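Comments concern the structure below.
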């Protein structure tokens, strides 16, 4: 009887111990809706890198990065990735958030149009599809127009959802142009439209994805923030070193048709343009260029302190955990 009682207490005590699953800290990360580059964006969550660092990484998808920013400010997510435009505007209005690293500093984006459009100047009077005001497609479209000496007032902007939605809107003739991911380039010919201009040709300093956290999250959950960035760095290193696994993961997530060329196309473009930085460096020169661009176009109404906008400490601690990349 005594032995049974002792064993019973032992099993009861064991049941109260935290198991591996309960020890994982939930971290909610926002991203734009998954497409042919999903293998990069979801590598940390889907291939065990976040779990290795003690996190239950939950990916929350949004139609545009401006919506992800709102979720971050509302405390619905702990971090998100997107273009610096919206966060800069938010900070200029008093929001307390920081850039902690930029893993996709090259903008793999394109303006798609019908074949009869031969230059950006031909877009005057046409409808331009974007995701939402202040999101990456909107800011990129305005940058392209500005670069060609065209006022944004000379076109009509229409909110058309995610990249695929905007691409289809051009195909259907609902809009005259759309700013969207360059992953659609290999299927433009059969869809009866064309890539007019690419971001790396006209806006090489335009940052695609940096990662943002609220200042309060960095302070109150610093260890988790560091572990999240550490898992991301390891995941991006793996993604850039293993093309087959990255493309396989993309296909697991978006389930494209067998002959869909886009996952491989976007991977090869990223490598060719060195568009992804696995180390998540923070290019201050590009952030300054973007601040100047947005202020010139009137998107940003006042200056911001870039040194306060950036928190490099999270990345520095993460690099101390993961160590240098393998040669």
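Nothing in this text is a laboratory measurement; each read-out follows from the coordinates by a stated rule. All figures in this text were calculated on a predicted structure; none of them were measured in a lab. Here Cβ is always computed from backbone atoms with ideal geometry, including for glycine, and neighbour counts include all displayed protein chains.
At a glance:
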| quantity | calculated |
| --- | --- |
| Approximate spin-label separation residue 159-residue 93, in nm, with each point projected 7 Å along Cα-to-Cβ | 1.3 nm |
| 0 to 90° range, to nearest 10: angle between helix 2-16 axis and the chain longest Cα axis | 20 degrees |
| Per-pair calculated FRET efficiency, R0 = 41 Å: residue 147 and residue 259 via Cβ, rounded to 0.05 | 0.70 |
| Angle in degrees between helix 222-241 and the longest Cα principal axis of the chain, rounded to the nearest 10 | 60 degrees |
| Nearest 10 degrees, 0 to 90: helix 313-322 Cα axis against the chain principal axis | 60 degrees |
| Residue-averaged [θ]222 nm for the chain, counting only DSSP H segments that reach four residues, each worth -39500 (n - 2.57) | -13000 deg cm²/dmol |
| 4 °C / 1.567 mPa s Stokes-Einstein diffusion coefficient of the range 109-202, Kirkwood radius on C-alpha pairs, µm²/s | 102 µm²/s |
| Debye equation applied to the C-alpha atoms of the range 55-101, log10 I(q)/I(0) at 0.25, 0.27, 0.28 Å⁻¹ | -0.98, -1.13, -1.20 |
| Taking N as its residue count, the alpha carbon Rg of the chain over 2.2 N^0.38 Å | 1.10 |
| Cα-Cα P(r), the range 47-200, percent of pairs per 5 Å interval | 2, 9, 17, 20, 18, 14, 10, 7, 3, 2, 0 |
| The range 127-176 pair-distance distribution - Cα-Cα, 10 Å bins, rounded % | 28, 55, 16 |
| Virtual paramagnetic centre 7 Å along Cα→Cβ of residue 51, amide N under 18 Å, in the range 63-82 | none |
